[in-house]
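I have placed the structure first, in the form of structure tokens, so that the comments after it can refer back to it.
None of the figures in this text is laboratory data; all of them are computed from the coordinates on show. None of these values were measured; they are calculated from a predicted model. Don't worry about glycine lacking a Cβ; one is built from the backbone with ideal geometry, like all the others, and counts go over all protein chains shown.
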Ligand code: SR1
Ligand code: MG
């Protein structure tokens, strides 16, 4: 089938036309489609049996950025990168991503398990829902997917062959521009921000040592292919089922079209930064200071749990690496310190770009456009700058934690 953009009617015909669908749905019965697009890039449909319980999720890459329309063309190649990365993630971390069902290169479509009981976690977290296994689950996901795609697990030849399949030029370029360049330079750019932040932004962009550090992080993003990254690991790329009485839920990582071989600290830093963005915005979302503090405590615990789980599980895997080189304790210490430093630096960039760059986050944007938003914006910029400047000197997670939470008054 040659490429055409799917709509509510044609997506049903498309699913019915595929042989893979026969074992997944009653394709002889009536199927209903619903558009549930949520992210910035793609169109997403749920196709469900009308008289039965089964459904699938159909995700299509459009020839442009969904939120911008045809004025921002983008190739549909991203669907291929998502298919390849989802297959690798599913093999390395089964149960932590949706099950891939089929990939259709011509149609730029990926069909996967429909996580009907799950919700994208950003909005529930703004509302104060506590997922007590969030940090631990993401730490496990990162350790497994990073390790299984790294030189440590694959050896040099297989790792090089694999990274050749992930030359995700277009979406890496988007990140290099939107996260690691434009927020730090005056126009022309696609930055968007509260006018009251102009002075803070001018100061930030006039800071030459800061720009130098960001240039270093950008170059590292471009050249340090340690492992297969998710590439866009914010809280809009994570879904969870409703938590049980202990706050535990089934958590899945979605939307890996930005996948590429890069520095492991990039994914970690993005995830941690999105919890920091959540924490800073709680001053304006939580109903009272006591609840705000309780939400902060929860977020702090999840951040720590993400790092400590990642570190422990990655070290454990390194301990059984085939090459004795990777079992050297001092090598492992140095590697994990550099990952932590990268994570801090990229977390700083994410805080800044989500405040003054092209694509913000709902945590911040849904604050009232008054003192609460301004003060959150200023705090995001200040902390982002500090993390970037302090990153290379950090030695332990405690130091990182102190840098973050002392800024929030703890
Ligand atoms: C133009 S795309 C803007 C952002 O959406 C994606 O989710 C990435 O975070 C990207 O930077
Ligand atoms: Mg996405």
Only helices counted: for the chain, with every DSSP H run of 4 or more residues adding -39500 (n - 2.57) and the sum spread over all residues, [θ] at 222 nm is -17000 deg cm²/dmol
With Cα coordinates, the longest principal axis of the chain makes an angle with the long axis of helix 8-17, in degrees rounded to 10, of 60
Simple spin-label estimate for residue 20/residue 68, 7 Å along Cα→Cβ, in nm, reads 2.9
Within the range 257-282, the residues whose backbone N lies under 16 Å from a label point placed 7 Å from the Cα of residue 167 along the Cα-to-Cβ direction are 260-262
Rounded to the nearest 10 degrees, the helix 78-92 long axis (Cα) sits at an angle to the longest Cα principal axis of the chain of 80
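Using 0.36 nm per residue of separation minus the Cα-Cα distance, give me the extension gain between residue 248 and residue 36 in nm, one decimal. List each step's numbers first, then the result.
Details: separation 212, 0.36 × 212 = 76.32 nm, distance 2.52 nm.
Gain in length upon complete extension: 73.8 nm.
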Once residue 207 and residue 312 are pulled to full extension, the length gained, defined as 0.36 nm per residue separation minus their Cα-Cα distance, is 34.1 nm
Measuring from the longest principal axis of the C-alpha atoms of the chain, the long axis of helix 329-356 (C-alpha) lies at a number of degrees, nearest 10, equal to 80
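For the range 8-113, just say rounded, prolate or oblate: build the C-alpha gyration tensor, square-root its eigenvalues into a ≥ b ≥ c, call rounded for a/c under 1.5, and beyond that prolate if a/b exceeds b/c, oblate if not.
The shape class here is oblate.
Please state, to two decimals, what the Cα-based radius of gyration of the chain comes to when divided by 2.2 N^0.38 Å (N = residues). Numbers along the way, then the final one.
Values: Rg = 21.1 Å, N = 410, 2.2 N^0.38 = 21.6 Å.
That works out to 0.98 for the chain.
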